[in-house]
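Before any comments, here is the structure.
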Amino acid sequence: MGMDKQTVRTLNRLIDMKVDTEKKLTALTIQDILSMQGVTVSEIHIITELQDAVKKHKVISYLGQGTDDLPKETEKEDEFYGQEGENY
């Protein structure tokens with residue numbers, strides 16, 4: 001699943017404003033965001049969520065709307081490596 005259109009527009013708007021690095025993004029204060037001409041509540045929400053994602057080192061997860069829930073592969077590993085305590 002990709003990014004929604006509003007997120008892409010907000011990112012483009014930030015980049016146009018020269019907010020093009022994680023450091024610049026996290027340095028934005030709420031006053032900076034509110035002073036953006038024509039900023040919407042939705043954009044404010046996206047910007048603050050993106051700031052949180054940067055701080056948590058989860059930018060790709062945020063942008064891709066993904067999670068770290070991976071399928072459990074221990075059964076395959078056990079099959080390949082043998083059960084725990086099994087003699088080789």
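Throughout, read-outs are computed from the coordinates displayed, never taken from laboratory work. Computed from a predicted structure; not experimentally measured. Cβ coordinates were reconstructed from backbone atoms using ideal geometry, including for glycine residues, and neighbour counts include every protein chain displayed.
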Across K18/K58; K5/K55; K24/K58; K24/K56, pairs whose alpha-carbon gap is larger than 20 Å = K18/K58; K5/K55
At what distance in nm do the modelled label points of I33 and D16 sit from each other, each positioned 7 Å from its Cα along Cα→Cβ?
-> 1.9 nm
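Can you give the net charge of the other residues whose Cβ lies under 13 Å from the Cβ of K5, counting K and R as +1 and D and E as -1? List each step's numbers first, then the result.
On the way: positive: R9, R13; negative: D4, E43.
Cβ neighbours under 13 Å give a net charge of 0.
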Report, by chain and number, residues whose modeled amide H sits under 5 Å from the one on V39, excluding near sequence neighbours (fewer than 5 apart, same chain).
-> none
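Quick check: residue separation of Q51 and Q6 times 0.36 nm, minus the Cα distance between them. What number comes out in nm?
Roughly 14.6 nm would be gained on extension.
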